[in-house]
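Take a look at the structure below.
The values are calculated or read from the model by the stated rules, or taken from the named source; none is laboratory data. All of these numbers come straight from a predicted model, not from anything done at the bench. When we count neighbours, we look across all protein chains shown, and the Cβ atoms used for this are built from the backbone with ideal geometry, even at glycine. Protein only, heavy atoms only, side chains kept; ligands, DNA and RNA dropped before computing areas. Shrake-Rupley method; radii C 1.70, N 1.55, O 1.52, S 1.80 Å.
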Amino acid sequence: MSNNSLSGTRTFRRSITSADGTNIIEILNCSEAFAGYAALESSYYIEKSFYLETLSGAIYLPSLRQAPFPELYPEMNSAEKIAEMLKVEEKYPFLGLRFPARKGTGTWSVLSTARLQNKGRETTIPFVVPYLTINQLKLLSPDDRLGISIINYGSGVLGAGDYINLEGDFRFEVNLIEKPAKSIGAAVPYGVNISSASPTRFRVANSNRAVFYASNIGDSDRYGNVLSG
């Protein structure tokens, strides 16, 4: 058996506005990356791997009251920085950007939710870390689907002029393992007495038969052709 490895990279984009409402919007279907290899399944065992490498969003929310950036200083420790960020988050309006996922056509389950505010300008935020994983890559299964939805925390949802422009990159790998050739079955004893020169059926047709052997066990020479039918 031979093993062939193939890989590829793709980019996907999706823009979210007030017209999308609060429904779950699918932004990534991992199975689509492997659709072109389906025809090889008759000859190969196919191992599939999928990695979400980047996902970021350009956020612009002018419909919300502007929130200032937190006052962070180098001498602050992590807990102090988080406290300052939470002060701004709790004092000014925000909305949620939720990331649900599901396998195939199963039920959506929530992975995480990011809280977004109006910072007075377009702001780009990375989402793979820390919202989808704490590692550098988000490993997904070949049948996984990733979606997003807008959550109303009391300050409303996307309004006029608001947008979230998402862009992501993923990498997929395919290992093709050649299936072994089908073996020839054991010989089955079967005897037919052909006593004349006219064609004589000695086995019925079988479309699955690959090779047929015939031998003469009599005392006289026999010559002829094996005819299908």
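Evaluation of I46 against the conditions (1) surrounded by 14 or more Cβ atoms within 10 Å (Cβ to Cβ); (2) among the aliphatic types (A, V, I, L, M); (3) at pLDDT 95 or above shows that the sole unmet condition is (3). Entry remark, segment 116-139: residues being in a strand (DSSP E or B) and crowded, with 18+ Cβ neighbours inside 10 Å number 2 in total.
Figure legend. Inter-residue proximity from segment 35-52: first residues of a type in the set (D, E), second residues part of a strand (DSSP E or B), beta-carbon distance below 6 Å, spacing 6+ or different chains. Indicated pairs: E47/N175. Residues in segment 69-103 that are free of Cβ contacts under 8 Å to residues at least 40 places away in the same chain and open to solvent by 50 Å² or more (accessible area, probe 1.4 Å): 16 in all.
Just the residues that are open to solvent by 70 Å² or more (accessible area, probe 1.4 Å), touching a strand residue (DSSP E or B) at 6+ places or on another chain (Cβ under 9 Å) and among the small types (G, A, S), please, taken from segment 4-31. S5, S7, listed by residue number. Answer yes if at least one residue in segment 119-139 is out of contact with any strand residue (DSSP E or B) (no Cβ under 7 Å at 6 or more places or on another chain) and either at pLDDT 95 or above or basic (K, R) (or both), and no otherwise. So far as segment 119-139 goes, yes, one or more of its residues are out of contact with any strand residue (DSSP E or B) (no Cβ under 7 Å at 6 or more places or on another chain) and either at pLDDT 95 or above or basic (K, R) (or both). Taking the criterion of being farther than 20 Å from C30 by Cβ and in contact with a Lys or Arg (Cβ under 7 Å, 6 or more places away or on another chain), the residues of segment 92-117 that qualify are Y92, P93, F94, G96, T113.
In the set (1) in a loop (DSSP other than H, G, I, E, B); (2) more than 28 Å from F34 (Cα to Cα), T113 fails one condition alone, (1). For segment 1-20, filtering for residues that are among the small types (G, A, S) and modelled with pLDDT of 95 or more leaves 3.
One residue is enough: does segment 32-43 have a residue meeting the conditions surrounded by fewer than 16 Cβ atoms within 10 Å (Cβ to Cβ), of a type outside the set (S, T, N, Q) and within 25 Å of I134 (Cα to Cα)? So far as segment 32-43 goes, no, none of its residues is surrounded by fewer than 16 Cβ atoms within 10 Å (Cβ to Cβ), of a type outside the set (S, T, N, Q) and within 25 Å of I134 (Cα to Cα). Looking across segment 109-127, not a single residue is without any contact (Cβ under 8 Å) to a residue 24 or more places away in the chain and charged (D, E, K, R). For the condition open to solvent by less than 60 Å² (accessible area, probe 1.4 Å) and touching a helix residue (DSSP H, G or I) at 6+ places or on another chain (Cβ under 9 Å), T113 qualifies.
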